[in-house]
Amino acid sequence: MSAPLDLRDIQGNIVRAYGRYGYPHARYFLFHIRHAASGRAFIATLLPHVTTAERWADPTDTENTSHIARPPTTLNVALSFRGLEALDLPTQTLAQLPPEFIDGMARRCHILSDVGPSGHKHWDPVWHDPIAHKHGTEIHVLVSISARMQPDGTPVPELEEVTDWLRELGAGKGIKLLSGHDRNGADYQQAGARLVARDDGNMRTDAGEHFGFEDGIGNPVFAGQYPPQVEARRVKGRGKIMADQSWEPLATGEFLIGHVDESQELPFSTRPPRFMYNGTFLAFRKLHENAATFRSYVDTQSADYAKWHGIPHQEADVTLRAKMIGRWPNGVPLMTAPTYGEMMKFEAEWADIPALKAKIGRSRMDQARLDTYDNLMIDFKYRDDPSGARCPISAHIRRGNMRDMLDPRLASEDRSTWDGSALTNRRRILRRGLPYGPFDPEVDNDSVERGVIFIAMCANIFRQFEFVLQQWVNYGLDLNQGNDNCPVLGFHDHRSKFIIQSEPDSETGPWVLTALPQFVETRGGEYFFVPSLNTLNMIALGVVDPT
Amino acid sequence: MANYDAGHFFLTVMAPIDRDGWIELDGQRRSVLDHVRGILTTLPTAQQDTPSTESGLNSPFAAVPGTHFAHIFVIDELRFNGRRPSNPIIDLILNTHLTEAQKVDRLPHAYLVLSLDFDALDGSDAALKAYTDGLWREMRDTLVLIFGHCIGFEKVTGEDSFFDYMRAAQVTTSLPYNDYWTQEPPDRSPLKWMIAVSLVIIMLGLAGWMVPLWSLELGNVATTLLLLIIANIAIIAWFGLTPFPKAPDSDINSVLKALYIQQMFTGFAVENLGKSDTDLQSAFDAFCVAHQPAVISGPRQTPGVLHSTWKKP
């Protein structure tokens, strides 16, 4: 059973990836608080506009008609450690916050591999400040806005209204809206899903990112996040794997502080306990994608791969991309369709899916077909591929979420000894980001501002976000892959390689990609705390009391 | 088991340092413990990360034959674990004054601790001597610099007196670190012995019950039970004292050879992707000549570094 949560006390971005709820446009604003009193007034001003996790009306759901309609834009607030300090919170409350949050993202560069081309000197000017501590430009508040779109794909006019309002607030005496995003020094970070035209000429969103992959498919499901019927639909492939191999939602406490977590404990919290209750942490990362390098590297490698395997260049190109990610560009997992031929067959079998997704007013049968498709996209276990012959052990999705890979009895024939995902359940993160920059395949140049705004949310940054990045993305020990790291997201040097496993008795044998260039570079980021609505109110009133 | 296990000698040495000692620096008397810690801080580690690799320096222990891991540090006092818990009812009966301070244990000296493991055939003094001779040979100046502040070290003048000093300061190691078993070790369960001995005792007990002829009164159920418990504990203890078998190829030179071959073979595999059978065979022959996979004394990784550089044969 799902835990009942006070959804109206919880910020909406924790339970929803807005991009997947019809909000393809986003803007991220950073503010500096000059005086604590102005900061409190600022929070008080924002408070009535904060989007909560309250259930929204679903046009296909006829049972829950009392739910509110989706707003045209959403607004969510998060505070950095320096922001909490600037708000004059009691030292006892501040001192017991987690060390990685107090450090901030910039000082964690060695854990996050933010070195070399990802080093701070390459970050956007607005993100420089956590290191330089320049007076008056320290990042204190993150305000995230998401907006729905009009039929032609442009954002609803409310987005510009909210932007103007935030600019006005940020021009006050005590609050400063920080500028210095991207190369033009913009005063907000833009992000937006890729939009593609439907048959009727109107636009629909597409989850693609700049390397040409569908992104954000696998996101954890935690208890209380969804109403029971939605949870039942979404938990497969997204929740945790039990010993009997069934799927259950993860414990609420992995993503919401103050609730019991996967080790049957309450997550770390400061005083007063109410301060962090129903809140969580947010790691914001601006990740630049060297799309041209990626394209040309895969293109070069495909020539040899095509020759050796005796396949056309285009097939080799798509296969190598899929092997690196673990999914085909259309999102179909290698675990479902391991070869190019099977992927083509799968695509033909499910050719009606784009039309179904675009269809307004789906029938129950339509929904059932979409659900079956969704299951095929996400419901798999690595027990079915211990050698990595289908999905390479080092592939991006296999590193980001190991599912049952760490089960000590993965190879056991005896079902009663299986453990499911017990060893990975405490390493899950909610991903709430969107791509940024133009989706123009004609522009083949690394210097174009494009990439992904990567937002991770979890109850413990160190145990969840930093662990996944340091140990799984940038190291290979847990996977028996030595020093190999993620072929896409990892920090690469001249020794970097990526092994594509094959069945031991296959004729072609394994393949190795060598001298991986740097495909993704960090351009900024910070750790934030996402307070509950009640905590925001307490901060605004200046009554946070640890005694 | 203590000191020697799984083919490795686990040496722990605690050399006393006078807590009240001092050394003179720039006309000021300074704590000798602070001084020794200062030397240890500047002692190079193995090349285990980017900064230590870039430094070009390496741990002096890397030069000592047979060394796997070495750890050297100073302890100045026991950690106080707080008051020993007591039962309030017993306290009341005994009229214990809870406000009176309990005794706080203290060490007679501060100690320089050297803890390391090395390859050895057994846990004998001869095996230890062979290693300390190597230590003295390769690290004499560093050892004198550090251990020179320890009580009694002034008597050390050469290999023999160094061994005597280390032997005298050695403490029994009860917690070895060893991670070379990569597969499940052979089953060493004492269960077979326990069952066999228990059966014998029970049979003797039954016999004693039917024919009461021994003064031990084996027929007595309580005696039989007591014998069962004692015998089984003794078997478990005996098994516990037997050294664990050595993991295959777990001596340091084999480990260094394996690390080397692993990296060279990865390079070879990458280099020869997609080659024809004939080309592959001749490339592999050249590989075997260059890297001598079966010869432990052939090319292998330098001790104390993380990587070997791939060399095309």
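The values are calculated or read from the model by the stated rules, or taken from the named source; none is laboratory data. Computed from a predicted structure; not experimentally measured. As a convention, Cβ positions derive from the backbone with ideal geometry for all residues, glycine included, and neighbour counts pool all protein chains shown. The area values use the complete protein model at the heavy-atom level, side chains included, leaving out ligands, DNA and RNA. Shrake-Rupley method; radii C 1.70, N 1.55, O 1.52, S 1.80 Å.
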**Item:** Conditions (1) out of contact with any Ser or Thr (no Cβ under 9 Å at 6 or more places or on another chain); (2) open to solvent by 20 Å² or more (accessible area, probe 1.4 Å): number failed by A:Glu466
**Value:** (2)
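Can we say A:Ser447 is out of contact with any helix residue (DSSP H, G or I) (no Cβ under 7 Å at 6 or more places or on another chain) and free of Cβ contacts under 8 Å to residues at least 40 places away in the same chain?
For A:Ser447, the condition - out of contact with any helix residue (DSSP H, G or I) (no Cβ under 7 Å at 6 or more places or on another chain) and free of Cβ contacts under 8 Å to residues at least 40 places away in the same chain - is met.
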**Prompt:** Do the conditions hold for A:Tyr28, that is, is it within 18 Å of A:Met149 (Cα to Cα), part of a strand (DSSP E or B) and open to solvent by less than 50 Å² (accessible area, probe 1.4 Å)?
**Reply:** yes
**Prompt:** List the pairs whose first member sits in the stretch A:299-319 and is under 18 Å from A:Gln501 (Cβ atoms), whose second member is among the polar types (S, T, N, Q) and crowded, with 16+ Cβ neighbours inside 10 Å, and whose Cβ atoms are under 7 Å apart, counting only residues at least 6 apart or on separate chains?
**Reply:** A:Ala316/A:Ser302
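Rundown of residues vs (1) at positive phi; (2) open to solvent by 30 Å² or more (accessible area, probe 1.4 Å), yes/no style:
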{"site": "B:Ala6", "(1), (2)": "yes, no"}
{"site": "B:Leu11", "(1), (2)": "no, no"}
{"site": "B:Gly21", "(1), (2)": "no, no"}
{"site": "B:Gly27", "(1), (2)": "yes, yes"}
{"site": "B:Ile39", "(1), (2)": "no, no"}
**Request:** Residues being outside any loop (DSSP other than H, G, I, E, B), within 30 Å of A:Tyr436 (Cβ to Cβ) and in contact with a helix residue (DSSP H, G or I) (Cβ under 6 Å, 6 or more places away or on another chain): count how many of those fall in the stretch A:492-525.
**Result:** 4
**Prompt:** Would it be correct to say that B:Ala269 is modelled with pLDDT under 95 and among the small types (Gly, Ala, Ser)?
**Reply:** yes
**Request:** Please go through the stretch B:293-307 and pick out each residue that is away from chain A (no Cβ under 11 Å) and not basic (Lys, Arg).
**Result:** B:Pro293, B:Ala294, B:Val295, B:Ile296, B:Ser297, B:Gly298, B:Pro299, B:Gln301, B:Thr302, B:Pro303, B:Gly304, B:Val305
**Complete:** Filtering the stretch B:261-273 down to residues that are of a type outside the set (D, E, K, R) and either away from chain A (no Cβ under 14 Å) or over 21 Å from B:Gly66 (Cα atoms) (or both) yields B:Gln263, B:Met264, B:Phe265, B:Thr266, B:Gly267, B:Phe268, B:Ala269, B:Val270, B:Asn272, B:Leu273
**Prompt:** Does B:Ala63 meet the test of being modelled with pLDDT of 95 or more and of a type in the set (A, V, I, L, M, F, W, C)?
**Reply:** yes
**Request:** Show the residue pairs that are 6+ apart or on different chains and have beta-carbon atoms under 7 Å apart, the first residue being within the stretch A:415-434 and surrounded by 17 or more Cβ atoms within 10 Å (Cβ to Cβ), the second being hydroxyl-bearing (Ser, Thr, Tyr) and not in a helix (DSSP H, G or I).
**Result:** A:Trp418/A:Ser412; A:Arg426/A:Ser263
**Asked** From the residues in the stretch B:231-260 that are more than 23 Å from B:Gly66 (Cα to Cα) and in contact (Cβ under 8 Å) with a residue 60 or more places away in the chain, which one is least open to solvent (accessible area, probe 1.4 Å)?
**Response** B:Gly240
**Complete:** Taking the stretch A:501-512 and the residues there that are out of contact with any Leu (no Cβ under 7 Å at 6 or more places or on another chain) and in contact (Cβ under 8 Å) with a residue 24 or more places away in the chain, the one that is nearest to the other protein chains (Cβ to nearest Cβ) would be A:Thr508
**Complete:** Of the residues in the stretch A:307-335, those that are within 14 Å of chain B (Cβ to nearest Cβ) and open to solvent by less than 10 Å² (accessible area, probe 1.4 Å) come to A:Ala316, A:Leu320
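Residue check: is A:Ser246 surrounded by fewer than 22 Cβ atoms within 10 Å (Cβ to Cβ) and in contact (Cβ under 8 Å) with a residue 60 or more places away in the chain?
It is false that A:Ser246 is surrounded by fewer than 22 Cβ atoms within 10 Å (Cβ to Cβ) and in contact (Cβ under 8 Å) with a residue 60 or more places away in the chain.
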**Prompt:** Looking at the stretch A:481-497, which of its residues are open to solvent by less than 60 Å² (accessible area, probe 1.4 Å) and within 11 Å of chain B (Cβ to nearest Cβ)?
**Reply:** A:Gly482, A:Asp484, A:Lys497
**Asked** Can you tell me which residue in the stretch A:43-67 is surrounded by the most Cβ atoms within 10 Å (Cβ to Cβ), limited to those that are modelled with pLDDT of 90 or more and either among the acidic types (Asp, Glu) or in contact with a Lys or Arg (Cβ under 8 Å, 6 or more places away or on another chain) (or both)?
**Response** A:Ala53
**Prompt:** Which one is farthest from the other protein chains (Cβ to nearest Cβ), of the residues in the stretch A:264-280 that are open to solvent by 10 Å² or more (accessible area, probe 1.4 Å) and assigned to a helix (DSSP H, G or I)?
**Reply:** A:Arg274
**Request:** Would you please list the contacts, defined by Cβ atoms under 6 Å and residues six or more apart or on different chains, that run from a residue in the stretch B:98-117 that is assigned to a loop (DSSP other than H, G, I, E, B) to a residue that is open to solvent by 80 Å² or more (accessible area, probe 1.4 Å)?
**Result:** B:Gln102/B:Arg83; B:Val104/B:Phe80; B:Asp105/B:Leu78; B:Leu107/B:Leu78
**Given (1) of a type in the set (Asp, Glu); (2) within 23 Å of A:Glu54 (Cα to Cα); (3) over 18 Å from the mean Cα position of the chain (by Cα), index of the condition A:Glu254 fails** = (3)
**Prompt:** Would a scan of the stretch B:274-292 turn up a residue that is surrounded by 14 or more Cβ atoms within 10 Å (Cβ to Cβ), away from chain A (no Cβ under 11 Å) and within 34 Å of the chain's Cα centre (by Cα)?
**Reply:** yes
**Asked** In the stretch A:514-546, what count of residues is obtained for those that are at pLDDT 95 or above and within 14 Å of chain B (Cβ to nearest Cβ)?
**Response** 1
**Complete:** Exception for A:Asp478 within (1) more than 11 Å from chain B (Cβ to nearest Cβ); (2) crowded, with 19+ Cβ neighbours inside 10 Å falls at (2)
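Considering every residue within the stretch A:281-292, establish whether at least one is on the phi < 0 side of the Ramachandran plot, open to solvent by 30 Å² or more (accessible area, probe 1.4 Å) and away from every other protein chain (no Cβ under 14 Å). Full working, then the answer.
Taking the stretch A:281-292 first, the residues on the phi < 0 side of the Ramachandran plot are A:281-292.
Right, trim to open to solvent by 30 Å² or more (accessible area, probe 1.4 Å) and you get none.
There is no residue in the stretch A:281-292 that is on the phi < 0 side of the Ramachandran plot, open to solvent by 30 Å² or more (accessible area, probe 1.4 Å) and away from every other protein chain (no Cβ under 14 Å).
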**Message:** Residue under question is B:Glu184, and the condition is that it be acidic (Asp, Glu), more than 30 Å from B:Trp22 (Cβ to Cβ) and open to solvent by 60 Å² or more (accessible area, probe 1.4 Å); does it hold?
**Reply:** yes
**Asked** Given B:Leu128, B:Leu135, B:Leu143, which one is open to solvent by less than 20 Å² (accessible area, probe 1.4 Å), in a helix (DSSP H, G or I) and without any contact (Cβ under 8 Å) to a residue 24 or more places away in the chain?
**Response** B:Leu143
**Prompt:** Among the residues of the stretch A:336-377, which ones are free of Cβ contacts under 8 Å to residues at least 40 places away in the same chain, touching a Leu at 6+ places or on another chain (Cβ under 9 Å) and open to solvent by 70 Å² or more (accessible area, probe 1.4 Å)?
**Reply:** A:Arg369
